Amino acid sequence: MSLNDETAAYQQICSARTVQSDRQGFFNEFYMEVKDSCGEKWLQNYFGKLKSNEARILSIFSDREICDPVLGVLENVQPVYKQKDGLFSAQRRAQADKHHLLGELQQALAHANLAVVRAPAKGVDPVIDDGLTLAMAFRTRSIILIGLGDGETALSDLKLAASFGLESKQSVDYYIKMAKAYACMGETARAEISLKIAEKLSGGGNALIDSCRKELPLVKRSTKKQRVQVPNLTHGENQNLRGASNLVKLVETKEKGRFVVANDSVQTGDVVLCEQPVAACLLPNFYGSHCHHCFERLVTPVPCLNCSGIAFCSAQCMGEACETYHRFECEYMDLFIGSGMSILCFIALRIFTQAQNLESGLNTANLLYANLCTHEDSRQADDLLQRSLMAGFLLRCLQKSQYFGRRKTEGVNPTAIELQVGAALLGLLQVLQYNAHEIYETLITDEHRFDGSKVVYVGAGLYGTGAYFNHECWPTVARYFVGKKLVLAAIKPHRPNEIVAENYGPTFANVNLKERQRSLRGRYLFSCNCMACQENWPTLQKLDKQVRFWCTTTNCQNVLKFPKDLSKDVRCARCRKNVSLKESVAQIIKIEELYREAAEAMKDQKTQEAIALFKEGIDMFYQIAVMPHKDTLIAQQSLRKCMADTGTTFKK
């Protein structure tokens with residue numbers, strides 16, 4: 001196999017994985033069946049020569065060479081999802097009560113969570129618990145949460161129990177539990193008001209109320225979980241670039257297209273982007289551990305009222321999701337997972353399901369297709385066929401979920417507006433391959449915040465402005481996440497008009513030039529010409545500790561080696577002046593001391609102190625010297641870890 005053939009094969013593998021993430025799913029078999037049916041001649045000479053996404057979608061539904069196997073599968077698309085089970089929920093609730101009586105509160109909470117998630121909504125299964133299984137599950141969990149000292153969530157569960165049908169508002173017991181929940185929160189005045197309502201309802205003296213009043217000072221107090229703070233953009237938001245700082249701007253060249261550069265001087269640590277995604281989806285592996293809407297880790301899940309496959313961290317997230325996208329996706333979640341479709345396909349679908357209306361979804365999709373890179377002209381016919389079939393499958397799911405309203409026919413063939421949506425989905429599947437970001441959180445250990453910490457990818461998102469940051473093999477920004485929000489912060493100073501660069505995978509510190517270029521050509525179809533590639537910087541392991549200094553003459557851009565004799569001046573070949581590097585060497589000594597102090601602060605888990613020291617040292621380094629410099633590279637890697645620690649983290 002020639003090098004070109006090997007590169008093309010690698011590109012094909014990379015591309016296919018952005019549509020089909022799991023080869024065990026049924027979609028791959030569907031694609032192969034259609035491909036075999038149509039034959040290579042039709043694929044290359046007809047389908048491969050179609051010039052628009054609309055023509056490609058129309059072709060898979062109507063062309064005689066291909067439509068029979070396509071329609072044969074799509075006609076059988078039906079809801080497949082994890083349904084509610086009242087009996088299972090009641091059994092888990094009984095187990096929760098048992099563990100609660102034994103004082104095993106964490107085990108009790110685990111069973112109560114299952115009871116809540118699997119419980120049918122009010123009246124769905126009247127045989128079990130008189131149709132109040134969900135309300136009773138919330139009530140049981142509220143009692144356990146009071147025991148754990150989580151008054152805020154217990155109060156929320158009590159209110160949910162009432163909203164789902166438990167006749168609680170006239171119940172003495174309800175207000176006693178409310179009093180205990182308020183006591184957990186430290187709100188003694190509200191606790192007393194709740195007890196007085198209970199007294200009024202009971203018609204006078206009540207032993208349970210008296211007992212509760214004596215217990216309130218002894219109730220376990222909850223400690224409020226500190227929410228991760230979303231950082232402020234340095235110098236405010238750019239009105240022309242959503243989510244970006246005024247420190248950056250968008251420029252365009254013929255060679256590189258549109259990309260982000262510094263609009264003003266940028267200092268190390270400046271936050272240049274803080275952006276909500278256009279759309280983001282959780283990986284299916286995390287449906288049981290994270291909120292489907294905001295990606296927060298679940299402690300007390302609030303379920304979808306129809307399916308048991310996903311959950312939310314709060315009633316608010318549940319409401320926002322179920323009023324928009326989840327009502328169209330709910331009954332097809334297991335079908336999506338079973339298809340083996342990639343996370344990018346979920347995002348393409350979400351752009352439509354979350355939109356206020358069909359027209360808004362089309363507008364968003366078409367703008368993304370018009371403005372972001374697709375490499376459509378470089379795509380092979382079988383790649384476009386695979387994406388067209390996936391777009392057709394997603395379109396069929398939208399039809400069946402009544403996204404387009406109640407259809408007059410159950411037929412698969414799309415109407416004019418459905419054809420537009422199918423074409424837009426195909427465009428998104430091309431856009432997302434090159435523009436989506438993986439969303440991660442940082443796992444930290446009980447022993448230390450940094451030693452043994454690692455990145456855990458939980459989802460993916462499309463960021464309209466974030467997609468404009470070009471790649472370099474040594475990025476100039478650190479990327480981290482606060483929930484779904486993408487944050488980019490500078491890890492070096494930038495001059496005006498200097499590129500502000502992201503990294504799409506391989507860095508020079510870990511991967512040699514040949515492997516980096518192969519990876520980038522295969523995954524993103526470009527050859528990188530960043531400074532690390534132009535100068536073929538050695539990997540960190542092979543890099544020596546030598547320093548190269550800027551010439552100290554004003555406006556001279558020459559680079560000078562570390563002097564052999566500090567007492568003597570160095571002759572600059574460019575400005576032809578003798579310059580002293582004594583001050584530069586003294587600065588390097590000070591910089592390395594700052595790096596050591598920062599490393600000590602990291603060791604002591606003083607994140608903000610470490611960030612401040614790294615920022616100071618890195619800014620000083622770029623004033624006097626040039627990359628690559630081993631200690632500064634390590635400092636930037638450490639600064640990136642510290643910044644990630646200010647984003648979403650978790651302990652097992």
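The values are calculated or read from the model by the stated rules, or taken from the named source; none is laboratory data. Fair warning: this is a prediction, and the values are worked out from it, not measured in the lab. Glycine also receives a Cβ, built like all others from the backbone with ideal geometry; neighbour counts cover every protein chain displayed.
In segment 308-320, the condition of being surrounded by 19 or more Cβ atoms within 10 Å (Cβ to Cβ), within 17 Å of the chain's Cα centre (by Cα) and not aliphatic (A, V, I, L, M) is met by at least one residue. Scanning segment 600-652 for residues that are under 20 Å from GLY452 (Cβ atoms), touching a Phe, Trp or Tyr at 6+ places or on another chain (Cβ under 9 Å) and among the hydroxyl-bearing types (Ser, Thr, Tyr) returns THR607, SER638, THR646, THR648. Could you count how many residues in segment 271-305 are in a loop (DSSP other than H, G, I, E, B) and either in contact with an Asp or Glu (Cβ under 7 Å, 6 or more places away or on another chain) or crowded, with 21+ Cβ neighbours inside 10 Å (or both)? Count: 9. Among the residues here, SER89 does not qualify as modelled with pLDDT under 95 and either in contact with a strand residue (DSSP E or B) (Cβ under 9 Å, 6 or more places away or on another chain) or surrounded by 15 or more Cβ atoms within 10 Å (Cβ to Cβ) (or both). Taking the conditions exactly as written (in a loop (DSSP other than H, G, I, E, B), in contact with a helix residue (DSSP H, G or I) (Cβ under 8 Å, 6 or more places away or on another chain), under 16 Å from THR18 (Cβ atoms) and of a type outside the set (Phe, Trp, Tyr)), does CYS373 satisfy them or not? For CYS373, the condition - in a loop (DSSP other than H, G, I, E, B), in contact with a helix residue (DSSP H, G or I) (Cβ under 8 Å, 6 or more places away or on another chain), under 16 Å from THR18 (Cβ atoms) and of a type outside the set (Phe, Trp, Tyr) - is met. Might you let me know whether segment 20-38 holds any residue that is surrounded by 17 or more Cβ atoms within 10 Å (Cβ to Cβ), over 31 Å from the mean Cα position of the chain (by Cα), in a helix (DSSP H, G or I) and among the basic types (Lys, Arg)? Checking segment 20-38: at least one residue is surrounded by 17 or more Cβ atoms within 10 Å (Cβ to Cβ), over 31 Å from the mean Cα position of the chain (by Cα), in a helix (DSSP H, G or I) and among the basic types (Lys, Arg). Residue check: ASP446 meets all listed conditions (1) out of contact with any Leu (no Cβ under 8 Å at 6 or more places or on another chain); (2) surrounded by fewer than 19 Cβ atoms within 10 Å (Cβ to Cβ); (3) closer than 30 Å to ALA370 by Cβ but one, namely (3).
I'd like to know if segment 166-177 contains one or more residues that are of a type in the set (D, E, K, R), out of contact with any His (no Cβ under 7 Å at 6 or more places or on another chain) and in contact (Cβ under 8 Å) with a residue 40 or more places away in the chain. No, there is no match, as no residue in segment 166-177 is of a type in the set (D, E, K, R), out of contact with any His (no Cβ under 7 Å at 6 or more places or on another chain) and in contact (Cβ under 8 Å) with a residue 40 or more places away in the chain. Of the residues making up segment 382-399, none is in a loop (DSSP other than H, G, I, E, B), in contact (Cβ under 8 Å) with a residue 12 or more places away in the chain and in the same structural domain as GLU329 (by TED's automatic domain parsing). Among the residues making up segment 529-555, those that are surrounded by fewer than 16 Cβ atoms within 10 Å (Cβ to Cβ) and over 28 Å from ASN470 (Cβ atoms) are ASP544, LYS545, GLN546, THR553, THR554.
Residues in segment 521-536 that are assigned to a helix (DSSP H, G or I), out of contact with any Asp or Glu (no Cβ under 8 Å at 6 or more places or on another chain) and hydrophobic (A, V, I, L, M, F, W, C): 1 in all. Filtered by the rule that a residue be out of contact with any strand residue (DSSP E or B) (no Cβ under 9 Å at 6 or more places or on another chain), within 16 Å of GLN95 (Cα to Cα) and among the aliphatic types (A, V, I, L, M), segment 129-142 gives MET136, ALA137. Annotation note: of SER567, SER580, SER584, SER638, the sole residue that is among the polar types (S, T, N, Q) and under 21 Å from THR507 (Cβ atoms) is SER638.
Under the condition of being under 16 Å from ILE143 (Cα atoms) and surrounded by 10 or more Cβ atoms within 10 Å (Cβ to Cβ), the residues counted in segment 210-229 number 7. Only one of the listed residues (TYR46, TYR81) is surrounded by 15 or more Cβ atoms within 10 Å (Cβ to Cβ), of a type outside the set (Gly, Ala, Ser), without any contact (Cβ under 8 Å) to a residue 24 or more places away in the chain and at negative phi. That residue is TYR46. LYS49 meets all of the listed conditions (1) more than 24 Å from LEU74 (Cβ to Cβ); (2) within 34 Å of the chain's Cα centre (by Cα); (3) at pLDDT 90 or above but one, namely (2).
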